[in-house]
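The structure under discussion appears below in the form of structure tokens.
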Amino acid sequence: MTRHGRNATNAAVYSYHERKKDAKSSGYGSEKTRFSKDSIKGFDCCSLTLQPCENPVVTKEGWLYDKEAILKYMLEKKQEYARKCKEYERQKTEDLKDLQELAEAEKAAAIDRFEKSEKNIAPSKNVKDDKKPLLPSFWVPAMTPQASKTKVEKPDKTIYCPMSGKPLKMKDLIDVKFHLIKPDDKDAKKSLIAR
């Protein structure tokens, strides 16, 4: 036990040096490990399917996709938007109906109060307070709080790029044609950007 062992309640049990020693012996958590070739996506691979592109297209930000995969993604997003729109419209009609029912109930309650006050011409002097009787148990179905309905927000119509998160449109996709450069070609010695 250390000198102040009894009072040192905020010290870490697993110290920094022990952690470093365990990381070194296990091989995990070290900063010197390199990624293998399998962990890096190929240059000509789609960012969605991670497979080589048959018909490559690129976005303005430089993300490469297979045309079929990105069109399928955009179609799914449009179908999801249509589904969310239907749900939002259904919720709007239900809310409107609830508001109408609430207004009708309030109007009916006001009419009942008016009719009761008109029938009683001479008010009684012994008016008792209308208090609800207290129930012995809190676990009564009538007394439990009601779960509120989850509100569906108005859906966003724009389709976003799955990698960059920026708006994506069909007209922004640029077709790409890959060409192999032979070693004896004059462009072989130029940098990749200059080609």
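The values are calculated or read from the model by the stated rules, or taken from the named source; none is laboratory data. Everything quoted here is computed from the prediction, not taken from an experiment. Cβ coordinates were reconstructed from backbone atoms using ideal geometry, including for glycine residues, and neighbour counts include every protein chain displayed.
Among residues of region 26-49 being of a type outside the set (D, E, K, R) and surrounded by 11 or more Cβ atoms within 10 Å (Cβ to Cβ), the one that is modelled with the lowest pLDDT is G29.
I need the full set of residues from region 50-66 which are surrounded by fewer than 17 Cβ atoms within 10 Å (Cβ to Cβ) and closer than 15 Å to I159 by Cβ, in order please. Residues satisfying the conditions are K60, E61.
Among the residues of region 118-141, is there at least one that is surrounded by 10 or more Cβ atoms within 10 Å (Cβ to Cβ), at pLDDT below 65 and not in a helix (DSSP H, G or I)?
yes
Selection of region 67-94 for residues being among the small types (G, A, S) and exposed (fewer than 15 other Cβ atoms within 10 Å of the Cβ) yields only A82.
Identify all residues within region 52-88 that are assigned to a loop (DSSP other than H, G, I, E, B) and more than 18 Å from K166 (Cβ to Cβ); write none if there are none.
C53, E54, N55
A Cβ distance below 6 Å, combined with a sequence gap of six or more or placement on separate chains, defines the contacts here; from region 171-185, residues that are surrounded by 12 or more Cβ atoms within 10 Å (Cβ to Cβ) reach residues that are of a type outside the set (D, E) in the pairs D172/K60; L173/V57; V176/P56; V176/V58; I181/A188. Of the residues examined, K97 is not one that is surrounded by 11 or more Cβ atoms within 10 Å (Cβ to Cβ) and either part of a helix (DSSP H, G or I) or at pLDDT below 95 (or both).
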